[in-house]
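Chemist: There's a structure below that I have some questions on.
Nothing in this text is a laboratory measurement; each read-out follows from the coordinates by a stated rule. These numbers were taken from a predicted model, which means no experiment stands behind them. Cβ placement follows ideal geometry from the backbone for every residue including glycine, while neighbour counts extend to all protein chains displayed.
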Amino acid sequence: MLRSLLFNIAKRIITDPRVQQKAASTYERDIRPVVKDATKRMKSNMEFVAEEIRETAKDSHPLKEPGDFIQKVRTKLLDPEKDHQETRDKDN
């Protein structure tokens, strides 16, 4: 009985045009800009990761040496200080 009562209340609230208008306004004002910004940052991050993978593939062949390739990608993306140290060691 309580469940039915709560369901009916929720149904009335959802179908109320004032609630729908307020929800649309809140979405446009508060939610949409955040999602748009997050999407833009995600795209930028994905482009960065793709470029790092391309660069790593030049040094380590992903099909012939998959373990080495994955390790180098992981190091580049998750531990950039270690990657820079390894690059300096190779140069010296």
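Chemist: Provide the per-residue ³J(HN,Hα) series for region 12-27, in order, calculated from phi with Karplus coefficients 6.51, -1.76, 1.60 and θ = phi - 60°, each as a whole number of Hz, with x at glycine and proline positions.
Modeler: Karplus values, whole Hz, x for Gly and Pro: 5, 5, 5, 7, 6, x, 5, 5, 4, 5, 5, 5, 5, 5, 5, 4.
Chemist: Listing 48, 69 from the residue with the fewest other Cβ atoms within 10 Å to the one with the most, what is the order?
Modeler: Ascending number of Cβ neighbours within 10 Å: 48, 69.
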